[in-house]
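Here the structure is laid out as structure tokens; the discussion comes afterwards.
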Amino acid sequence: MNQLINSILVLLVLTGFMLLSSSRLAACIRAIAIQGVLLGILAIVIQVGQLSVAGVLLPLSSAIVKGFVLPWLLFRAMREADTVREVEPVISYNLSIIAGTAALGVSLWLGHRLTLSNQPPSSLLVPAAFFTSLVGMIVIASRQKALTQVLGYLALENGVYAFGAAVALRLPILVELGILLDVFVGVFVMGIAIFHISREFDHIDTDKLRARTARL
Amino acid sequence: MIALLIILPAGAGIFALFIGSDRLRRILLLSTAITQTALSITAWMVPPAPALGGWLAEDALGRLIETLTSVLFLAASFYAVAYLREERRQTHSDFEEGFLFSNAREASFTACLLFFLAAMTLVAVSQQIALLWVAVEATTLASAPLIYFHRHHRSLEATWKYLLICSVGIALALLGIFFLAVAATNPDGSTIALMVPDLRANAHRLNVPWFRAAFLLLLVGFGTKMGLAPFHTWLPDAHSEAPSVASALLSGALLNCAFLGILRVQEISVAGGIAGFSDKLLLIFGLVSMGVAAAFISGQTDYKRMLAYSSVEHMGILAVGVGLGGAAVFGAVLHVINHSLTKAMLFLVAGNFLAVYRTKNSTEISGALRVLPVSGVLWLVGLFAITGSPPFGPFLSELLILKGALDHGQILVAIVYLVLLAVIMAAMAAPALAMAQGTPGAHISSPPERSLTLTIVPAMLGIAILLMGIYVPPVLTRALREAALVLG
């Protein structure tokens with residue numbers, strides 16, 4: 001069982017690097033989708049032995065929303081925006097990966113330093129959670145495109161969710177659903193905003209367009 | 001009864017989406033606002049029973065914020081109806097860049113206003129920390145479309161900034177809540193429920209290092225939403241691009257709700273006798289916010305941005321007040337009310353200026369006292385009030401915070417606080433006075449038949465600010481004292 005958890009966590013870290021190094025938007029969206037599914041499996045596997053109906057249904061719905069519904073929305077937003085399907089980072093991909101490696105180091109150190117009263121099933125859990133959040137923040141800070149920033153936000157959210165799984169946090173179902181709903185509606189609203197951003201560009205002259213893309 | 005406070009506006013919001021007639025929808029907005037305010041006031045006389053197993057309950061602090069929110073919403077909804085009637089034209093020309101744009105559908109604007117009210121009410125009455133988080137995030141999502149009412153690229157950019165920055169902040173707050181859950185796990189594996197009363201009762205059993213980390217994350221997270229520097233960067237854009245009625249609600253009501261999120265954790269700190277750390281953080285962020293506001297208000301020519309930075313300043317004042325503890329906390333809670341009333345009024349008056357002068361640049365406006373006599377006077381009243389001049393409400397609360405600083409021997413804090421207040425007063429007075437005085441430009445004529453409501457609503461708020469400076473009713477004093485008690 002521990003091996004399964006560890007392999008999920010390694011995959012989670014790899015998707016983080018995928019997000020940092022991919023130049024294609026589609027690959028980044030897929031990385032986030034994989035993360036969503038991985039986290040759903042993780043949340044179920046972690047509570048083996050004390051499984052409940054809600055304990056399965058919640059991670060399952062989370063995996064469906066984060067692994068399929070949101071990526072579908074984002075793919076649609078990408079198609080409708082119909083801009084260059086490249087990530088266009090402010091910093092180079094090499095630098096992104098170096099930043100990611102540094103984030104991994106910091107996460108391992110933090111995971112080592114923090115003492116939890118109930119030990120998580122794997123010593124990799126807390127570092128992997130922090131790493132995923134940090135990757136999200138790096139992506140938000142270093143990418144120009146609105147869509148990529150949404151991906152960064154989702155990675156940040158995934159990291160926080162993984163931390164919740166790591167400390168075996170039992171939030172009431174209503175709250176879990178509320179959090180999931182907030183993430184879903186949040187990405188939905190951001191998707192609408194992206195649609196408007198792309199439409200807005202159609203009738204602004206190119207000079208302004210360049211000034212805007214730089215900031216959005 | 002408590003649940004009704006949330007279900008009523010949420011349900012009305014759903015209805016508003018499907019009502020085709022503008023008239024009917026406006027009646028719905030007004031009647032919801034009136035009923036909501038009536039319910040909130042009834043709650044003062046007949047305290048409602050907790051609902052959902054204690055998750056929703058009104059304490060003194062929550063009731064104050066809830067009532068303030070519904071009163072401001074009532075004012076805003078009357079203003080909004082008059083405003084929407086004037087905005088009915090299909091296209092508008094932008095006064096900065098001259099392009100044409102249209103507005104969002106009135107139905108979705110009204111619905112979002114109502115959803116926004118429901119979310120803010122949920123923040124105020126939520127005793128479960130994670131539920132409070134869900135509600136704060138919901139306020140972001142409900143208010144984002146309000147900022148994008150005028151469909152053009154500047155408001156879109158402001159909306160995007162607001163959505164992204166606040167969502168990131170709120171994600172950090174969620175991590176903070178998980179940290180709090182770790183802090184609330186005892187060595188033997190038993191846990192304390194994430195409810196404010198439970199956490200307060202067992203605050204001495206919390207794991208202190210984890211609690212401190214949780215406080216820091218929650219302060220950053222909710223502080224982003226509240227507009228504490230250096231996380232305030234979304235605030236000037238959003239307040240300047242949103243229609244004035246939405247700016248008034250953002251500044252007057254939403255910022256308080258985010259502040260309440262921080263106060264809930266501070267309550268736990270105080271109950272556990274571990275407030276030394278959180279007090280220091282609040283003081284630092286508060287003074288930094290005031291400093292940043294002073295720097296950006298100086299030389300600011302966009303008067304809506306000036307008001308937005310003034311909100312950053314006042315959020316800083318609130319943080320300082322709570323961080324000082326003792327008598328200053330009473331001042332801070334009182335200042336929540338005074339700031340909300342004053343800032344809401346100023347934004348509504350700014351909306352009137354915008355409609356007549358068609359510019360956000362304060363240097364292009366003069367003679368407001370002649371063109372818009374009532375709004376001009378209210379603008380001056382608001383200016384004096386917000387910069388802390390007697391006899392208005394904010395003077396009293398700012399003085400109480402200063403007194404608190406001196407009582408605690410925090411001389412340095414008191415000096416910095418006073419200097420920053422003076423700088424901001426000077427920086428705001430010059431452009432604001434120039435706008436009111438002088439002769440209006442030749443092309444400005446008194447507007448034809450603008451609705452009286454657009455003047456009456458801010459005038460009512462102006463009277464309230466004056467009253468708050470002269471006489472704070474004993475009922476309110478009692479509630480304020482009770483609220484301040486749990487905050488140290």
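Each reported figure results from applying straightforward, stated rules to the coordinates on display, with no laboratory input. It should be emphasised that the depicted structure is a prediction, and the values quoted were computed from it without experimental measurement. Positions of Cβ are backbone-derived with ideal geometry, glycine not excepted, and every protein chain shown enters the neighbour counts.
For the cross-link pairs B:161/B:343; A:145/B:343; B:280/B:403; A:66/A:145; B:225/B:343, which exceed 28 Å when the distance is taken from alpha carbon to alpha carbon?
A:145/B:343
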* May I ask for log10 I(q)/I(0) of segment B:278-488 at q = 0.10 Å⁻¹, from a Debye sum over the Cα atoms as equal point scatterers with solvent left out? => -0.44
* **residue B:476 versus residue B:87: modelled label distance in nm, points set 7 Å from Cα along the beta carbon direction** => 2.9 nm
* **Amide hydrogen neighbours beyond the local backbone of residue A:143, cut-off 5 Å, H modeled** => A:90
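Do any chymotrypsin sites (Phe, Trp or Tyr not before Pro) in segment A:39-81 lie in a loop, going by DSSP, with at most 10 other beta-carbon atoms within 10 Å of their beta carbon, and if so which?
none
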* To do: Rounded, prolate or oblate: pick one for segment B:330-430, where a ≥ b ≥ c are the square roots of the eigenvalues of its C-alpha gyration tensor, a/c under 1.5 means rounded, and failing that, prolate if a/b is larger than b/c, else oblate.
  => prolate
* Asked: What list do you get for A:123, B:143 if you sort them by fewest beta carbons within 10 Å?
  -> A:123, B:143
* For segment A:2-215, what relative contact order do you get, as a whole percent, if you take Cα pairs closer than 8 Å and at least 6 residues apart? -> 25 percent
* Find how much the distance from residue A:60 to residue A:192 grows on full extension, using 0.36 nm per residue of separation minus their present alpha carbon separation; answer in nm with one decimal. => 44.9 nm
* To do: Pop the C-beta distance of residue A:3 and residue B:277 into the FRET formula with R0 = 51 Å and round what comes out to the nearest 0.05.
  => 0.80
* To do: Percent of Cα-Cα pairs per 10 Å bin, from 0 to the last occupied bin, for the protein assembly as shown, please list those.
  => 3, 15, 26, 27, 19, 9, 2, 0, 0
* Relative exposure of A:80, A:157, B:106, judged by other C-beta atoms within 10 Å (fewest first) -> A:80, B:106, A:157
* Taking every pair of Cα atoms in segment A:20-137, average 1/r, invert it to obtain the Kirkwood radius, and report Rg/Rh to two decimals. => 1.04
* For the residues A:18, B:226, what sequence is obtained by ranking on other C-beta atoms within 10 Å, fewest first? -> A:18, B:226
* Structure fact -> Counting sequence-distant residues (5 or more places) and residues on other chains, those with an amide H built under 5 Å from that of residue B:438 are B:367
* When the convex hull of its Cα atoms is projected in every direction, mean area for chain B (nm²) -> 21.0 nm²
* To do: In whole Hz, with x marking every Gly and Pro, tabulate ³J(HN,Hα) for segment B:60-69 from phi via Karplus 6.51 cos²θ - 1.76 cosθ + 1.60, θ = phi - 60°.
  => 4, 5, x, 5, 4, 5, 5, 5, 4, 4
* To do: Go ahead and collect, in residue order, the members of segment B:360-402 whose backbone nitrogen is under 13 Å from a label point 7 Å along the Cα-Cβ direction of residue B:418.
  => B:399, B:402
* Inter-label distance for residue A:109 and residue B:460, nm, one decimal - labels placed 7 Å from Cα along Cα-to-Cβ -> 5.8 nm
* Asked: Over chain B, what relative contact order in percent results from Cα pairs under 8 Å that are six or more residues apart?
  -> 15 percent
* Taking the Cβ-Cβ separation of residue B:370 and residue B:105 as r and a Förster radius of 41 Å, what is the calculated FRET efficiency to the nearest 0.05? -> 0.65
* Asked: How many nm is it between the label spots at residue B:97 and residue B:52, if each spot is 7 Å from the Cα in line with the beta carbon?
  -> 4.1 nm
* Linear extension gain, residue A:92 paired with residue A:68, 0.36 nm per residue minus alpha-carbon span -> 5.7 nm
* Asked: What list of ³J(HN,Hα) values in whole Hz, one per residue of segment A:140-152 in order, does the Karplus curve 6.51 cos²θ - 1.76 cosθ + 1.60 (θ = phi - 60°) give from phi, with Gly and Pro shown as x?
  -> 4, 6, 10, 10, 8, 5, 4, 4, 5, 5, 4, 4, x
* Percentage, to the nearest whole number, of Cα pairs in chain A over 21 Å apart -> 54 percent
* Structure fact -> Expressed in angstrom and rounded, the centroid-to-centroid distance over alpha carbons for segment B:43-81 and segment A:113-167 is 36 Å
